């Protein structure tokens, strides 16, 4: 991690709920989310909320074994798809099972794609 490209992790305040836009099912609710904000050469990226696995309903999530990505700040991400009546919504969530040391706090947490999942926060 360099001073030009880094992430800050803070506890997310309040109760976070994650609901799928496809079908509207509640996927998670937690008071223990982490807020991760990335910085890259002066640009601030939108914050991403990471939710503990214990607070996620995995009954409709399927591990996508055919897709992974690498982030120089966080490491290797694996992905999950959502089962709906209409089919799969691909890569709706991701996880870092072996994150790099400086973001080790997100191990055991999942983040959801904001285009596919509505994240709401109650104070």
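The values are calculated or read from the model by the stated rules, or taken from the named source; none is laboratory data. Just so it is clear, the structure is predicted and the values come from calculations on it, not from any experiment. Backbone-built Cβ (ideal geometry, glycine too); neighbour counts: all protein chains shown.
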How many residues, within the stretch 1-39, are free of Cβ contacts under 8 Å to residues at least 40 places away in the same chain, more than 17 Å from residue 94 (Cα to Cα), surrounded by 14 or more Cβ atoms within 10 Å (Cβ to Cβ) and out of contact with any helix residue (DSSP H, G or I) (no Cβ under 8 Å at 6 or more places or on another chain)?
1
Which residues, taken from the stretch 85-102, are part of a strand (DSSP E or B), in contact (Cβ under 8 Å) with a residue 40 or more places away in the chain and farther than 16 Å from residue 28 by Cα?
89
Filtered residues of the stretch 40-51 (kept if touching a residue at least 60 places away in the same chain (Cβ under 8 Å) and part of a loop (DSSP other than H, G, I, E, B)):
46
Please count how many residues of the stretch 52-79 are in contact (Cβ under 8 Å) with a residue 24 or more places away in the chain, in contact with a strand residue (DSSP E or B) (Cβ under 6 Å, 6 or more places away or on another chain), under 25 Å from residue 39 (Cα atoms) and surrounded by 17 or more Cβ atoms within 10 Å (Cβ to Cβ).
1
Among the residues of the stretch 52-84, count how many are part of a strand (DSSP E or B) and under 24 Å from residue 41 (Cβ atoms).
6
If you go through the stretch 54-70 one residue at a time, do you hit one that is touching a helix residue (DSSP H, G or I) at 6+ places or on another chain (Cβ under 9 Å) and on the phi < 0 side of the Ramachandran plot?
no
I need every pair where a residue in the stretch 103-120 that is at negative phi and at pLDDT 95 or above has its Cβ under 6 Å from the Cβ of a residue that is part of a loop (DSSP other than H, G, I, E, B) and surrounded by 14 or more Cβ atoms within 10 Å (Cβ to Cβ), sequence separation at least 6 or different chains.
103/74; 106/96; 106/99; 107/99
Restricting to the stretch 16-40, give me the number of residues that are over 16 Å from residue 110 (Cβ atoms) and modelled with pLDDT under 95.
7
